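K.L.:
Below is one structure. I have some questions about it.
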Amino acid sequence: MLACELGPHGIRAVTLKSGGVLNAVPEDSEGRDTIIERIVAATMLGAAGDVRRRRQLAAFAASDQARTITGSTINPACGTTGDYRGPPSRPFPFRVVPTLPWRGDTAPAEECRFPT
């Protein structure tokens, strides 16, 4: 919805979805090794990301190289959080145009319609 409302103003909306981040677990945490093993075991890739790689991805998402990405979720979680949620509960196309709360305007693009 943010992408539809803010896109006409040149503002992109991108979400970074994150699962376990290895170096977010403090070095002196009791049971750190077990926590890390469980994080890695929960991934589809048998590996987990770190803060440095997430920063790099955030910098890319904010860069001009990603200027065509909006209304999307980037999922660098090594498979700890899947994207599949099952079939849509409502048929497409959507019907109601959202209003822009700060002005009361409606989103102009046909593809920016959402269910009631």
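K.L.:
Here are some conditions: (1) modelled with pLDDT under 90; (2) farther than 22 Å from Met1 by Cα; (3) open to solvent by 100 Å² or more (accessible area, probe 1.4 Å); (4) not hydroxyl-bearing (Ser, Thr, Tyr). Arg85 meets all but one. Which one does it not meet?
P.N.:
Among (1) modelled with pLDDT under 90; (2) farther than 22 Å from Met1 by Cα; (3) open to solvent by 100 Å² or more (accessible area, probe 1.4 Å); (4) not hydroxyl-bearing (Ser, Thr, Tyr), Arg85 violates only (2).
K.L.:
Whether any residue in the range 19-39 is in contact (Cβ under 8 Å) with a residue 12 or more places away in the chain, among the polar types (S, T, N, Q) and surrounded by 15 or more Cβ atoms within 10 Å (Cβ to Cβ) is what I want to check.
P.N.:
no
K.L.:
Could you list all residues from the range 63-80 that are open to solvent by 40 Å² or more (accessible area, probe 1.4 Å) and in contact (Cβ under 8 Å) with a residue 24 or more places away in the chain? Don't jump to the end; show me each part of the working.
P.N.:
Of the residues in the range 63-80, the ones open to solvent by 40 Å² or more (accessible area, probe 1.4 Å) are 64-65, 67-73, 75, 80.
Arg67, Ile69, Thr70, Gly71, Ser72, Thr73, Asn75, Thr80, listed by residue number.
The values are calculated or read from the model by the stated rules, or taken from the named source; none is laboratory data. All values reported here derive from a predicted model rather than from experimental measurement. As a convention, Cβ positions derive from the backbone with ideal geometry for all residues, glycine included, and neighbour counts pool all protein chains shown. All accessible areas refer to the heavy atoms of the entire protein, side chains included, with ligands and DNA or RNA removed. Shrake-Rupley method; radii C 1.70, N 1.55, O 1.52, S 1.80 Å.
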